[in-house]
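Below is one structure, written out as structure tokens; the observations come after it.
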Amino acid sequence: MNSIILSNFHPIVVGKLIDQKRINQYTKFLYHHFQNHPVIIEKEGKVERDLVSFEEVSDHVDKYAVSSNNIEKRQVLIFDEVEPFIIKEMDNTDPSNYVFPEGFEVLPESHYGPKIEVRMDWFKAKLGYVFDKFYELSHGKPENIIHVTCSGYSSPSLAQEAVVKRNWENVKVTHSYHMGCYGAFPAIRTGSGLLCYSKHKGRVDIVHTELLSVHLNLTNFSAANTMICSLFSDGFVGYSLYDENNFYKDSNLQNKVGLKILASHEVIIPDSLEDMTWDLGEYSFLMTLSKRVPVFIKKNVKEFMTTMCSKINLDFEAEKRAMYFAIHPGGPKIIDYVVRELDIDKKQAQWSYEVLKHNGNMSSATIPHIFHEIVNDPNIKPNTKVIAIAFGPGLTATGLVLEKVD
């Protein structure tokens, strides 16, 4: 079988990238509002509870939120309607006097906001644009489309609607859902299988729609939740898998740079099932992230890399200085842990830091954004090995060994 090449990467911006300092400041407004709302206090049976001062809220967010040193901007679509306030009015507004817009206010029947079916309707209404934009940029019809998301579902799906809209009767749709931050890897594995068994070796498109902001819970005034709310962002991207021969023949693809798949590996780390979860709740999806996750990653990453590289008789320790790394930025410290444990230079993981800094953690859409930067970086030459790795619920570690081609 011919090799499979990843190419045609198109990151897509649906809303606006908002400055992290301002998002963190607006988070303080939200926390202060929810912690002091009479409906919430009464429902929690804490009528006697002291009010929480804005200074206390501010100190908490400053301490636990991801700062602008690590993330400069994020796409948070749930804040689109309040973006003018965040940019122009917030600095001169007393938090106690701020009137919250529809969707943020506390209702007597529900202080957690809209229930999950309403949030899913919003996902469906907003994100058909991602497919429209990707197919403005990607010419020709694919044989398969794989839709990846862990943040919103509908049936028929956005991918099915995109196929019907274009009268692509013979294009097959596959759904790859709810795997969180490592979700690109199973999708690529599925796409590789579809290519392998196809008679025509037609293009496989993968489209990610991660609307994580719809699940932010700003009623939970905790250190872990504050970190989560300041780390995750909305992310959207499409790209394609090609049979190697068709990659070079495809006249629709103008920029023939990509990443050839050489090997893959995946393991579920023992004794870690409860350390990262992503569950369905009544109002939103619910994340837990334990303090043990960085420890598990640190203990297992070197063995993981060595085993994966050995599948193609590649000596990781001997070759690692010449490689580049696409490390999923579960947070700024996660990249640091992996870099230190593997004893590599931070410059070899430059695009992991940069994508986090300019986009935040976009769950499954993050690694493809990093791939986009790597294939378009002229300093990373053809034939350079690239190792990609991500972690997700399970605790699952998954990775690819790739080679840049043009």
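No lab work stands behind these numbers, since they all come straight from the coordinates. Computed from a predicted model, the values in this text were never measured in an experiment. Here Cβ is always computed from backbone atoms with ideal geometry, including for glycine, and neighbour counts include all displayed protein chains.
So how strong a dipole does the chain carry about its Cα centre when Lys and Arg Cβ are +1 and Asp and Glu Cβ are -1, to the nearest 20 debye?
Details: 43 positive and 51 negative charges, 301 e Å.
Taking the Cα centre of the chain as origin, the dipole is about 1440 debye.
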Next item on the list: Place +1 on the Cβ of every Lys and Arg and -1 on the Cβ of every Asp and Glu in segment 253-361, take the dipole about the Cα centre, and give the residue among T288, G258, N313 whose Cα lies farthest towards its positive end.
Entry: G258
Margin query: Taking the alpha-carbon distance from K199 and a cut-off under 17 Å, which lysines remain once sequence neighbours fewer than 8 residues away in the same chain are dropped?
Written below: K141, K172, K249
Margin query: How big is the dipole moment of segment 77-232 about its Cα centre under a simple scheme where the beta carbon of each Lys and Arg is +1, that of each Asp and Glu is -1, and everything else is neutral? Debye, nearest 20, please.
Written below: 1180
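Dividing the convex hull volume of the Cα atoms of the chain by its residue count, what figure in Å³ per residue is obtained?
Values: hull volume 58.4 nm³, N = 406.
Given the Cα convex hull of the chain, per-residue volume reads 144 Å³.
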Item checked: Alpha-carbon Debye profile of segment 258-405, log10 I(q)/I(0) at 0.19 Å⁻¹ -> -1.18
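How much net charge surrounds S198 when only the other residues with a Cβ under 13 Å from the Cβ of S198 are counted, with Lys and Arg +1 and Asp and Glu -1? Can you show the working numbers first?
Working: positive: K172, K199, K201, R203; negative: E143, D243.
Charge balance in the 13 Å sphere: +2.
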Note to self: Testing the spin-label approximation: label points 7 Å from Cα along Cα→Cβ at S68 and S251. State their distance in nm.
What the structure shows: 5.0
Next item on the list: Starting from the Cα of K28, draw a straight line to each of the aspartates and glutamates and keep only those under 13 Å, dropping any in the same chain fewer than 8 residues away.
Entry: E55, E56, D59, D62, D91, D94
Note to self: Within 10 Å, Cβ to Cβ, of L402, how many net charges do the neighbouring residues add up to if Lys/Arg are +1 and Asp/Glu are -1?
What the structure shows: +2
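Return a whole-number percent for the relative contact order of the chain, with Cα pairs under 8 Å and 6 or more residues apart as the contact set. Before the final figure, lay out each step's value.
Values: 746 pairs, mean separation 95.6, N = 406.
RCO, the chain: 24 percent.
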